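The values are calculated or read from the model by the stated rules, or taken from the named source; none is laboratory data. This is a predicted model, so every value here is computed, not measured. We place every Cβ from the backbone using ideal geometry, glycine too, and count neighbours over all the protein chains shown. Heavy atoms of the whole protein, side chains included, go into the accessibility calculation; ligands, DNA and RNA do not. Shrake-Rupley method; radii C 1.70, N 1.55, O 1.52, S 1.80 Å.
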Amino acid sequence: MTRFWKAFAVTILLIASTTIAAAEERWLTLPEPAAMPKPEESGYAPVNGIQMHYAVFGKGDPVLLIHGGLGHADIWASQVATLSKTHKVVVADSRGHGRSTRTDEPYGYDLMASDYLALLDFLKIDKTALVGWSDGGIIGIDIALHHPERLTRLFAQAANVTTDGVDPGVLTNKTFAAYIDRSGRDYKKLSKTPDQYDAFVAQISHMWESQPAWTKEELGKITTPTAIVAGDHDEAIKRAHTEYMASVIPGAKLIILPNASHFAMLQAPDEYSQAVVDFIDAK
């Protein structure tokens with residue numbers, strides 16, 4: 001019996017250590033998004049020459065969620081489920097992404113910000129909190145710089161403000177490569193032009209080569225209450241760059257999400273959602 005209990009104890013310890021190791025390495029994973037809740041309203045908004053797919057959930061003070069490059073709005077499913085309990089949540093597919101169409105007009109963060117402002121006008125939302133991931137965070141910063149009257153708060157995760165904030169190691173990162181591969185498959189399922197993924201990537205890549213390019217002086221003029229957010233294992237954005245952003249945007253709060261990467265909303269959905277709620281609802 002003693003041998004049995006010793007063996008049992010060793011087994012439990014091994015299971016526990018394996019579970020802990022797996023939890024510690026969740027930043028290496030790329031979980032599938034949860035199922036998106038049923039929206040109160042959805043459709044296409046005609047903005048800036050494109051058809052922009054959007055969906056609205058819940059009631060309350062509005063919050064706009066903007067996804068990252070190559071992605072689509074469904075990545076926010078877990079956050080929508082939480083936030084829509086107390087907020088009116090708006091999600092959309094950025095131009096050319098997901099179900100939204102694109103034009104031949106060159107991509108720029110100013111143009112993409114204009115798309116989202118036009119969507120807010122279409123939905124008759126004067127002012128909103130904004131949660132942006134990666135390109136979505138950059139779009140949020142653009143709006144905070146040029147149209148602060150439209151924002152109550154900005155939660156910018158995994159964003160950069162100059163191109164040298166991007167870690168070159170992302171080009172060989174396995175998790176990021178898996179994301180690009182998944183994005184291509186999703187594009188073929190969702191897009192009105194399923195055979196144009198390569199053309200779309202080439203078009204938006206021109207923007208990434210030179211944008212964003214904001215100066216310290218420009219960022220110092222932001223008045224929107226801002227959280228600069230990153231996973232502690234972000235594959236794409238240098239930690240020093242994230243800390244720089246938080247230091248030059250007046251009053252910005254630096255939030256580092258533990259054991260998470262560029263894809264923190266998928267890897268730690270409950271913690272991510274709670275961090276958003278704590279920030280946008282702070283008095």
Study note, to complete from the structure: Of the candidates 221, 188, 283, 253, the one satisfying the condition of being without any contact (Cβ under 8 Å) to a residue 24 or more places away in the chain, open to solvent by 40 Å² or more (accessible area, probe 1.4 Å) and in contact with a Pro (Cβ under 9 Å, 6 or more places away or on another chain) is 188
Review point. Restricting attention to the stretch 77-101, which residues are touching a helix residue (DSSP H, G or I) at 6+ places or on another chain (Cβ under 7 Å) and either farther than 29 Å from residue 197 by Cα or of a type outside the set (A, V, I, L, M) (or both)?
Key: 78, 79, 82, 83, 93, 94, 95, 96, 98, 99
Exercise for review: State whether the residues of the stretch 162-175 include one that is assigned to a helix (DSSP H, G or I), polar (S, T, N, Q) and open to solvent by 70 Å² or more (accessible area, probe 1.4 Å).
Suggested key: yes
Exercise for review: For residue 209, work out the one condition from (1) under 22 Å from residue 155 (Cα atoms); (2) part of a helix (DSSP H, G or I); (3) touching a Ser or Thr at 6+ places or on another chain (Cβ under 9 Å) it doesn't fulfil.
Suggested key: (1)
Practice item. Please work out which residue is most open to solvent (accessible area, probe 1.4 Å), limiting yourself to the stretch 74-106 and to residues that are more than 18 Å from the chain's Cα centre (by Cα) and closer than 25 Å to residue 184 by Cα. Key: 104
Practice item. From the list 143, 139, 125, pick out the single residue that is under 15 Å from the mean Cα position of the chain (by Cα) and either open to solvent by 10 Å² or more (accessible area, probe 1.4 Å) or within 25 Å of residue 46 (Cα to Cα) (or both). Key: 139
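Suppose we filter 53, 87 for residues that are in contact with a strand residue (DSSP E or B) (Cβ under 7 Å, 6 or more places away or on another chain), modelled with pLDDT of 95 or more and farther than 19 Å from residue 129 by Cα; which single one remains?
On the way: 87 fails: farther than 19 Å from residue 129 by Cα.
Result: 53 is the single residue among 53, 87 that is in contact with a strand residue (DSSP E or B) (Cβ under 7 Å, 6 or more places away or on another chain), modelled with pLDDT of 95 or more and farther than 19 Å from residue 129 by Cα.
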